[in-house]
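Below you'll find the structure, written out as structure tokens, and then a few comments.
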Amino acid sequence: MTTRSSTPDSVGLTPTRQPRVCAASPRPFTLAAERCPCRLTAGLGRNINVVDPDNAPISASDNGHYADPSVICRPLERDEIVVIVQRFKEAAARCAEAGIDAIDIHGHTGYLIDQFLSPLWNRRTDEYGGSVENRCRFATEIIAAVKEGAPGLPVSFRLSVDHRFEGGRTPAESLEIAKVLEAAGLDMLMVDEGSYEAMDYVFPPYYLGDNCMMDSVRDFTEALSIPVLGCGNLTPERAESAIASGEMAFAGIGRALIADPQWAAKARSGRARQHSPLHPLQPGCAWATRLWASHSAAR
């Protein structure tokens, strides 16, 4: 079980959604599960849900806000980046103290870290922009800070390897990024797809089919030496065969457990065909359907 994304700092914080581990320990999560990784995010940046008219949203560069392009984001200053990286270190230390077993860094969906990674949103001319290595600097500094704050804990990174919209990042570009993250000491890569501009890949609906991201998962497994986790409407049979064949090291199952909490137990006991597919209006997932609909309307 992985806790929902929590932000170590308030710079990119959305007022209504993002829990924080800035002032409090995530110990309650570890009491609820024997093994519990914690996901840390730098915030939403240009995707922030609520725009405060007195405080411009932040981003890697002066990007238009996703929902209202007339609102221009304020590029993060260097000293603000330093503060955020330091907060990741402090949050990682609290996670370790609380008994968290691993830490996942959220670089997916076009959120703030992803905005630094992508040349579409990162047009900086300092050491955080330009080359692949420079655009990865924010992420690699966070990886180093988390490892320093929580020595010995595995660190994973959730990367959108295909933004799935014109002008967004492609798998070839993401592979370059993944290699830089691996060289920075990353322990595992979570391969995912989508962005706010392609929200259907963030919450894959029926029409994308089962196992809809396995091609990307396989390519990244072949190119990297660290373990790769795959996700995207995985069926128990495909998840099991992909792990057995070495196409991926781990299967990421999230909202499918809302539809069928016995997903893993059925797979283990040979009852995989009895699993219940996710329905978008089930309790606990309806918010995702509403979010997808609202962003589709905004496009």
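The values are calculated or read from the model by the stated rules, or taken from the named source; none is laboratory data. Just so it is clear, the structure is predicted and the values come from calculations on it, not from any experiment. Because the Cβ atoms are built from the backbone with ideal geometry, glycine has one as well, and the counts that use them run over all protein chains shown. Calculation scope for accessible area: heavy atoms of the full protein, side chains included, ligands and nucleic acids excluded. Shrake-Rupley method; radii C 1.70, N 1.55, O 1.52, S 1.80 Å.
Quick rundown of the values:
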read-out: Cα-only radius of gyration and Dmax that characterise the stretch 204-278, units Å; value: 12.2, 35
read-out: Stokes-Einstein diffusion coefficient of the stretch 72-115, Kirkwood radius over Cα pairs, 37 °C, 0.692 mPa s, in µm²/s; value: 269 µm²/s
read-out: Backbone HN-Hα couplings from phi across the stretch 178-193 [Karplus 6.51/-1.76/1.60, Hz, Gly and Pro as x]; value: 4, 5, 5, 5, 4, 5, 7, x, 4, 9, 7, 10, 9, 8, 9, 9
read-out: Candidate lysines for bridging to Lys147, where Cα separation is under 20 Å - those fewer than 8 sequence places away on the same chain excluded; value: Lys89, Lys179
read-out: FRET efficiency estimate (nearest 0.05) - Cβ-Cβ, Asp126 to Val71, R0 30 angstrom; value: 0.80
read-out: Largest-first ordering by accessible area, 1.4 Å probe, given options Asp54, Asp219, Asp192, Asp101; value: Asp54, Asp219, Asp101, Asp192
read-out: Amide H contacts of Asp104 (H built 1.01 Å from N, under 5 Å, at least 5 apart or other chain); value: Cys38, Arg39, Leu40, Ser156
read-out: Under Karplus coefficients 6.51, -1.76 and 1.60, residue-wise ³J(HN,Hα) of the stretch 212-225 in Hz, glycine/proline x; value: 6, 10, 5, 4, 5, 4, 4, 4, 6, 4, 5, 8, 10, 9
read-out: Whole-Å distance, taken between Cα centres, linking the stretch 221-247 and the stretch 135-196; value: 18 Å
read-out: Sorted peptide list for 134-144, 224-234, criterion being average Cβ within 10 angstrom, highest first; value: 134-144, 224-234
